[in-house]
Amino acid sequence: MAHAPLPLAHRGFGETLRRDAWWLQPLVVLTILSAFVVYATWAAFQNAHYTYGNYLSPFYSPVLFGDPRFAWIGPKPEWWPNLLPFSPALIILPFPGLFRVTCYYYRGAYYKAFWADPPNCAVGEPRNSYLGERHFPLIIQNIHRYFLYIAVLFLLILAHDVWDALWFDNGAGGVRFGIGVGTLVLALNVVLLTCYTLGCHSMRHIVGGFLDQLSRHPVRKKAYDCSSCLNRWHMKWAWMSLFGVAFADLYIRLCSMGVWHDWRIL
Ligand code: FES
């Protein structure tokens, strides 16, 4: 029978008895998350090629200020700092961005990948003390549940963008129903984001919390079960939705630049 010698010996940074490639997973996480942050930041600063016909990139939706064809409120606001290049994406992207940054799954992944705390399970970490998330600054991560409310709002807006992506210019000043590859790309993005968001740990607390006996509330019990079911795949939804949202922006960008052609299915 396996046993651990007590008291536990302190391991130096990177010391471990593990023989598998424990460094591989944090390295992959580091590479993919860094690539996503670099691409999303670059795309957000472009302020161009974020629409193609009736398609709107999820990185820019909703457009609160800017292009009058899409802006909900008005043109570039007066209060925008002169030193900062204007882009509608810079106003809205922090909200879904912070929803992901404070996600319980991503926290576990990027704590390992970005600051090796610990580098992986049963691998020595680079410091002796452990403060956890009960102290500043990581206690701020508890704000996650509030970003969940905003994320649900974004889902509704993105679902409306999919609806808009079904109506194409008919060449006579009106619109007609249709489906393009871009419509499917935007719809898939919403499906993946929905599975990721509704399976959030905080969502389970919201739909199943504050009750003595959940089984006495069949509607909330059903919602709790659905959220729990999605939660079992939370890591997979997290990655798939990350790729989905980046690809939706890339697709619309490349179509708008004339690099890709948007095939019409209907
Ligand atoms: Fe991952 Fe809430 S725990 S989105």
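The values are calculated or read from the model by the stated rules, or taken from the named source; none is laboratory data. Worth saying up front: this structure is predicted, and the values here are computed from it rather than measured. When we count neighbours, we look across all protein chains shown, and the Cβ atoms used for this are built from the backbone with ideal geometry, even at glycine.
One table, with the values for the structure above:
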quantity: Total residues in the range 176-188, condition part of a helix (DSSP H, G or I) and either within 16 Å of the ligand (Cβ to nearest atom) or surrounded by fewer than 18 Cβ atoms within 10 Å (Cβ to Cβ) (or both); calculated: 3
quantity: Qualifying positions in the range 89-111 - away from the ligand (no atom under 16 Å from the Cβ) and either under 19 Å from His201 (Cβ atoms) or in contact with a strand residue (DSSP E or B) (Cβ under 9 Å, 6 or more places away or on another chain) (or both); calculated: Ile91
quantity: Any hit, the range 2-24, residues being part of a helix (DSSP H, G or I) and surrounded by fewer than 17 Cβ atoms within 10 Å (Cβ to Cβ); calculated: yes
quantity: Residue check for Cys255: within 16 Å of the ligand (Cβ to nearest atom) and crowded, with 18+ Cβ neighbours inside 10 Å; calculated: no
quantity: Options His217, His261, His205; residue that is closer than 24 Å to Ile143 by Cβ, surrounded by fewer than 16 Cβ atoms within 10 Å (Cβ to Cβ) and out of contact with any strand residue (DSSP E or B) (no Cβ under 8 Å at 6 or more places or on another chain); calculated: His205
quantity: Those residues of the range 68-116 which are surrounded by 15 or more Cβ atoms within 10 Å (Cβ to Cβ) and charged (D, E, K, R), in sequence order; calculated: Arg100, Arg107, Lys112
quantity: Matching residues, the range 132-146, being outside any helix (DSSP H, G or I) and either exposed (fewer than 12 other Cβ atoms within 10 Å of the Cβ) or among the β-branched types (Val, Ile, Thr) (or both); calculated: Gly132, Arg134, His135, Phe136, Pro137
quantity: Within the range 2-55, tally of residues that are under 21 Å from Arg107 (Cβ atoms) and within 17 Å of the chain's Cα centre (by Cα); calculated: 12
quantity: Qualifying residue in the range 198-213 (condition: hydroxyl-bearing (Ser, Thr, Tyr), at pLDDT 95 or above, more than 26 Å from Ser57 (Cα to Cα) and touching a helix residue (DSSP H, G or I) at 6+ places or on another chain (Cβ under 7 Å)); calculated: yes
quantity: Qualifying residues in the range 96-128 (those that are in contact with a Phe, Trp or Tyr (Cβ under 7 Å, 6 or more places away or on another chain) and modelled with pLDDT of 95 or more) - the one farthest from Ala21 (Cα to Cα); calculated: Pro96
quantity: Lone qualifier among Tyr224, Tyr196, Tyr149 - being assigned to a helix (DSSP H, G or I), within 16 Å of the ligand (Cβ to nearest atom) and more than 20 Å from the chain's Cα centre (by Cα); calculated: Tyr224
quantity: The range 88-100 residues that are among the aliphatic types (A, V, I, L, M), paired with ones that are within 16 Å of the ligand (Cβ to nearest atom) (beta carbon under 7 Å, 6 or more apart); calculated: Leu98/Phe147
